[in-house]
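S.K.: Here's a structure for you.
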Amino acid sequence: MKDSAILFVLLIFTACQAPSTTKTETTKAPNIEKTVFRTTGSVERLSEAINELITKDAKIEVLADGFTWTEGPLWIENGQYVLFSDIPPNRIMKWSEKEGLSLYLTPSGYTGEKERAGEPGSNGLILDAAGNLVLCQHGDRRMAKMTTALNNPQPQFETIVDSYEGKRLNSPNDAIYDSQGNLYFTDPPYGLAGNVDDPAKEIDFQGVYRYSKDGQLSLISDKITRPNGIGLSPDEKTLYVACSDPKAATWTAFTLNEDGTVASERLFHDATGSQEKGLPDGLKVDKKGNIWATGPGGVWVFNPAGEVLGKIKTGEATSNCALDAAQKTLYMTCDDYLMRIKL
């Protein structure tokens with residue numbers, strides 16, 4: 001009876017553990033430990049130019065696992081850690097080389113009292129010019145700012161924008177600020193409990209928007225069926241938007257005028273029909289204009305001309321990615337994992 005009780009306690013303790021950091025530790029010398037992470041996947045090199053971005057011996061490391069659906073990674077330079085959303089549990093997690101994994105904030109995307117289904121948590125995470133955390137909040141259907149400091153996270157939020165022409169947004173997904181303080185974001189239906197057929201959906205399209213620094217919301221496009229990841233070229237003349245529709249798995253490039261309005265648009269790349277796991281999702285643009293875009297198989301690396309230089313093949317449905325400040329490491333949210341590759 002005593003042994004059975006002990007076994008029961010051990011089972012309960014194990015079941016209640018938080019997501020794990022998948023690592024082992026090896027000792028190279030007395031009192032010196034180095035963390036060694038499990039590796040996975042591979043790098044597909046389609047052009048010699050990829051070798052200038054990813055070293056030939058680079059490995060994809062699994063930093064943490066055990067989540068539900070990870071998204072929106074964001075590198076915080078002042079603190080040396082990465083934040084990322086775990087959407088269904090409505091929380092943001094934090095990982096650092098020094099401290100490992102911890103819970104950062106909950107709730108993160110839905111602050112209502114009534115339970116709701118679907119994907120209520122935050123999705124994309126960015127910083128504004130003042131260093132405030134700005135969240136794409138699925139459940140609350142808005143772009144919002146956390147009103148406490150980064151080092152004192154509290155579920156206290158201020159609405160930035162939550163409606164278009166008097167109708168509630170669907171569920172903002174990803175976002176980026178330009179240097180002028182204008183906010184660009186996408187608004188697919190993924191955060192609605194019933195997705196595109198949810199009776200609470202008020203806008204009859206999925207939009208790409210620009211929220212100007214003076215508080216005006218304008219529609220950039222209502223033609224992308226599932227707008228998702230979004231990014232700007234270094235000169236801010238091109239806006240890239242991913243479409244995560246399996247029937248139109250594409251990336252679109254919008255040419256912008258000086259005032260941030262759209263001059264023209266073109267198909268940047270079409271991955272429709274790929275048999276690899278995943279769809280075009282989050283993306284980031286580096287200082288040289290290369291686009292790191294999650295898509296079928298992992299992360300696709302494009303040069304500004306649209307040539308695919310290579311792919312970081314994670315083996316998982318890869319949702320988003322983030323570069324550190326030095327652009328020497330790419331962090332990736334991949335299904336229930338957090339991964340990285342050193343560049």
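S.K.: Assuming Leu103 fulfils every condition listed in (1) closer than 25 Å to Tyr184 by Cβ; (2) assigned to a strand (DSSP E or B) apart from one, which condition is it?
M.R.: Failed condition: (1).
S.K.: Output the number of the condition that Ala144 fails; it satisfies all remaining conditions of (1) more than 30 Å from Trp95 (Cβ to Cβ); (2) among the small types (Gly, Ala, Ser); (3) surrounded by 16 or more Cβ atoms within 10 Å (Cβ to Cβ).
M.R.: (1)
S.K.: A further question on this structure: Return the residues of segment 285-295 that are farther than 21 Å from Glu48 by Cβ and either crowded, with 24+ Cβ neighbours inside 10 Å or touching a Lys or Arg at 6+ places or on another chain (Cβ under 7 Å) (or both); say none if nothing qualifies.
M.R.: If the condition is that a residue be farther than 21 Å from Glu48 by Cβ and either crowded, with 24+ Cβ neighbours inside 10 Å or touching a Lys or Arg at 6+ places or on another chain (Cβ under 7 Å) (or both), then Thr294, Gly295 are the ones that fit.
S.K.: Looking only at segment 139-148, decide whether some residue is at pLDDT 95 or above, under 18 Å from Thr70 (Cα atoms) and either part of a loop (DSSP other than H, G, I, E, B) or among the charged types (D, E, K, R) (or both).
M.R.: Yes.
S.K.: While we're here: Of all residues in segment 56-78, which are more than 16 Å from the chain's Cα centre (by Cα), surrounded by fewer than 19 Cβ atoms within 10 Å (Cβ to Cβ) and not charged (D, E, K, R)?
M.R.: Across segment 56-78, the qualifying residues are Ala58, Gly66, Asn78.
S.K.: Given the structure, is Leu53 within 23 Å of Leu127 (Cα to Cα), of a type in the set (A, V, I, L, M), touching a strand residue (DSSP E or B) at 6+ places or on another chain (Cβ under 7 Å) and surrounded by 18 or more Cβ atoms within 10 Å (Cβ to Cβ)?
M.R.: no
S.K.: Conditions: (1) among the aliphatic types (A, V, I, L, M); (2) surrounded by fewer than 20 Cβ atoms within 10 Å (Cβ to Cβ); (3) in contact with a Gly (Cβ under 9 Å, 6 or more places away or on another chain). Val262 meets all but one. Number of the miss?
M.R.: Val262 satisfies every listed condition except (3).
S.K.: For segment 220-248, enumerate the residues that are farther than 15 Å from Ile176 by Cα, surrounded by fewer than 22 Cβ atoms within 10 Å (Cβ to Cβ) and out of contact with any Lys or Arg (no Cβ under 6 Å at 6 or more places or on another chain).
M.R.: Across segment 220-248, the qualifying residues are Ser221, Asp222, Lys223, Thr225, Pro246, Lys247, Ala248.
S.K.: Of the residues that make up segment 54-74, is at least one of a type in the set (Phe, Trp, Tyr), outside any strand (DSSP E or B) and at pLDDT 95 or above?
M.R.: yes
S.K.: Quickly run through segment 198-218 and pick out the residues that are surrounded by 14 or more Cβ atoms within 10 Å (Cβ to Cβ), among the basic types (Lys, Arg) and not in a strand (DSSP E or B).
M.R.: Of everything in segment 198-218, just one residue is surrounded by 14 or more Cβ atoms within 10 Å (Cβ to Cβ), among the basic types (Lys, Arg) and not in a strand (DSSP E or B), namely Lys201.
S.K.: Same structure, new question: Checking Ala305 against (1) among the aliphatic types (A, V, I, L, M); (2) surrounded by fewer than 22 Cβ atoms within 10 Å (Cβ to Cβ); (3) in contact (Cβ under 8 Å) with a residue 12 or more places away in the chain; (4) out of contact with any Phe, Trp or Tyr (no Cβ under 9 Å at 6 or more places or on another chain), which test does it fail?
M.R.: It is condition (3) that Ala305 fails.
S.K.: Which one is surrounded by the most Cβ atoms within 10 Å (Cβ to Cβ), of the residues in segment 160-197 that are under 23 Å from Trp69 (Cβ atoms) and without any contact (Cβ under 8 Å) to a residue 12 or more places away in the chain?
M.R.: Val196
S.K.: Contact list please: Cβ distance under 6 Å, first residue in segment 220-233 and touching a residue at least 40 places away in the same chain (Cβ under 8 Å), second residue among the small types (Gly, Ala, Ser) and in a loop (DSSP other than H, G, I, E, B), pairs at least six apart or on different chains.
M.R.: Pairs found: Gly229/Gly282; Ser233/Gly289.
S.K.: Additional query: May I ask you to list the residues in segment 79-100 that are assigned to a loop (DSSP other than H, G, I, E, B) and either within 17 Å of the chain's Cα centre (by Cα) or without any contact (Cβ under 8 Å) to a residue 24 or more places away in the chain (or both)?
M.R.: Correct list: Gln80, Ile87, Pro88, Pro89, Asn90, Lys98, Glu99.
S.K.: Separate question: Asp281 is checked against (1) buried (at least 21 other Cβ atoms within 10 Å of the Cβ); (2) part of a strand (DSSP E or B) and fails just one. What number does that condition carry?
M.R.: (2)
S.K.: Here is a further query. What number of residues within segment 147-159 are farther than 14 Å from Gly121 by Cα, touching a Lys or Arg at 6+ places or on another chain (Cβ under 7 Å) and surrounded by 15 or more Cβ atoms within 10 Å (Cβ to Cβ)?
M.R.: Result for segment 147-159: 0.
The values are calculated or read from the model by the stated rules, or taken from the named source; none is laboratory data. Everything quoted here is computed from the prediction, not taken from an experiment. Neighbour counts run over all protein chains shown; Cβ positions are idealised from the backbone, glycine included.
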